[in-house]
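Below is one structure, written out as structure tokens; comments come after it.
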Amino acid sequence: MGGSKRIFSTVNDNAQEEEEEMAKRKKSVLDFYEMKKRGEKITFLTAYDFPTAQFAEEAGLDMLLVGDSLGMCVYGYPGTVPVTMDQMIYHADAVRRGAPNTFVVGDMPFMSYQSSLEKAVENAGRFLKECDCDAIKLEGGVRVTPQIKAIVDAGIVVMGHIGLTPQSSGQLGGHKAQGRTAESAKLLVEDALAVQEAGAHMLLLEAVPPEVGKYITETLEIPVLSIGAGPYCDGQLLIVSDAIGQFQAFTPKFVKKYCNVAEVVTTAMKEYVEEVKAGEFPKAEHCYTMLPGEEEKFLAIMKK
Ligand code: KIV
């Protein structure tokens, strides 16, 4: 009895160790397919820098997006259009270093894939060659299927992105929810199927009603991620700067703020300003000391 108990506990220990090992191991696209099959939600967050990527990996995120939203969240641009490929590469490189065991998706910025298939493949390849990303994401449905096919044919994992597509928000009449009428929901389903048919491995749905998110998630074989597409998708994405209360300009309806970094940081900075002005910082514990007897010697030298 004692022996079998010991064996049983060893088997359990091994299973637990295996589970812990699995949790630490970088996931692949096959893991995301399995997660969709068994109904386990995929957790997805943007990250633009090394420390945030470290926090995200520590928190157990399944996937990180180095989004061109960094144009607004990091550079203070009014939108994503000005973001360049080089900026994306710098940030993706920092994120990869911060989260070496997390699946990282590089976001193709405006005009890095629209003008030719060669340019699309070359720029997608830069995310893998220069910063070890696991996949790329590009915006658009039916109209970018040639680019999706070409990038997939080059051996790269692709995530499609339909619904509200910020790079072409001018054509959509602004940052507006999509698929709110039966006719536009049907067009979204056509886009989703075209993206899957072109070989994309995952699809991101942005700002569409939950009913449409549910229909597309149940229709597609590939994992469908939501940012403002309701609870029925295979996983959820948030912009980290929204989720931690760092981005102040506006807050989309689909955002939940999990903390208020802007408030915490501003309060800390005000306290710092007050303490410096009042001569309360730095205190002795923040200062280096001279070695014993050196101050007297120093002052004597200076008198000469
Ligand atoms: O750049 C980004 O973070 C994105 C999200 C808005 C989906 O593409």
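The values are calculated or read from the model by the stated rules, or taken from the named source; none is laboratory data. In this text, all values refer to a predicted model and were calculated from it rather than measured experimentally. Every residue, glycine as well, gets a Cβ built from its backbone with ideal geometry; the counts of neighbours run over all protein chains shown. The protein model used for the area step is the full one, side chains on, heavy atoms only, and it has no ligands, DNA or RNA in it. Shrake-Rupley method; radii C 1.70, N 1.55, O 1.52, S 1.80 Å.
Quickly work out the SER184-to-THR84 label distance, labels modelled 7 Å from Cα along the C-beta direction, and quote it in nm with one decimal.
Inter-label distance under the simple model: 3.5 nm.
Return the FRET efficiency for the residue pair VAL74, ARG25: r is the Cβ-Cβ distance, R0 is 22 Å, and the value is rounded to the nearest 0.05.
Working: r = 29 Å, r/R0 = 1.34.
Plugging the Cβ-Cβ distance into 1/(1 + (r/R0)^6) gives 0.15.
Write down, largest first, the equivalent ellipsoid semi-axes of the stretch 165-207 in whole Å, where each equals the square root of 5 times an eigenvalue of the alpha-carbon gyration tensor.
Working: eigenvalues 75, 36, 13 Å².
For the stretch 165-207, the semi-axes come out at 19, 13, 8 Å.
Share of the chain's accessible area from carbon and sulfur, percent, 1.4 Å? It would help to have the intermediate numbers written out before the result.
On the way: 9970 of 17220 Å².
In the chain, the share of accessible area belonging to carbon and sulfur is 58 percent.
If you build a Gaussian network model of the chain, linking Cα atoms that sit under 10 Å apart, which residue out of ILE151, ILE244, ILE136 swings the most?
ILE244
Work out the FRET efficiency for ALA249 and ALA15 from their Cβ-Cβ distance, taking R0 = 51 Å, and round it to the nearest 0.05. Provide the component values of the computation, followed by the final result.
Numbers: r = 48 Å, r/R0 = 0.94.
Working from the Cβ atoms, E equals 0.60.
For LYS256 and LYS176, compute 0.36 nm times the residue count separating them, minus their Cα-Cα distance, and round to one decimal in nm. It would help to have the intermediate numbers written out before the result.
Details: separation 80, 0.36 × 80 = 28.80 nm, distance 1.82 nm.
Gain in length upon complete extension: 27.0 nm.
When the dipole is taken about the Cα centre of the chain, and only Lys, Arg (+1) and Asp, Glu (-1) are charged at their Cβ, what size is it in debye, to the nearest 20? Spell out each step's value before the answer.
Working: 31 positive and 43 negative charges, 66 e Å.
Dipole size: approximately 320 debye.
Which lysines, on any chain, are close to LYS41 with Cα under 19 Å apart, when same-chain ones fewer than 8 places away are left out?
LYS24, LYS26, LYS27, LYS214, LYS256
For the stretch 212-304, how big is Rg over Rh, using alpha carbon atoms and the Kirkwood form of Rh? Working shown, then result.
Numbers: Rg = 27.2 Å, Rh = 18.7 Å.
Looking at the stretch 212-304, the ratio lands at 1.46.
Between ALA229, ALA194, ALA92, where does the largest GNM mean-square fluctuation fall for the chain, given springs only between Cα atoms within less than 10 Å?
It is ALA194.
Would you please calculate the Kirkwood hydrodynamic radius of the stretch 124-174 over all C-alpha pairs and express it in Å, rounded to one decimal?
Working: mean 1/r = 0.0843 Å⁻¹.
So the Kirkwood estimate lands at 11.9 Å.
Using a Gaussian network model of the chain with C-alpha springs under 10 Å, which one of ASP107, ASP31, ASP134 is most mobile by mean-square fluctuation?
For the chain, modelled as a Gaussian network with Cα springs under 10 Å, the answer is ASP31.
Which whole number in µm²/s is D for the stretch 36-177 by Stokes-Einstein, with the Kirkwood Rh taken over Cα pairs at 37 °C and 0.692 mPa s? It would help to have the intermediate numbers written out before the result.
Numbers: Rh = 15.4 Å.
The calculation lands on 213 µm²/s.
Kirkwood Rh over alpha-carbon pairs of the chain, then Stokes-Einstein at 37 °C and 0.692 mPa s: what D in µm² s⁻¹, rounded to an integer? If you can, show how the numbers build up before the last one.
On the way: Rh = 21.8 Å.
Answer, rounded: 151 µm²/s.
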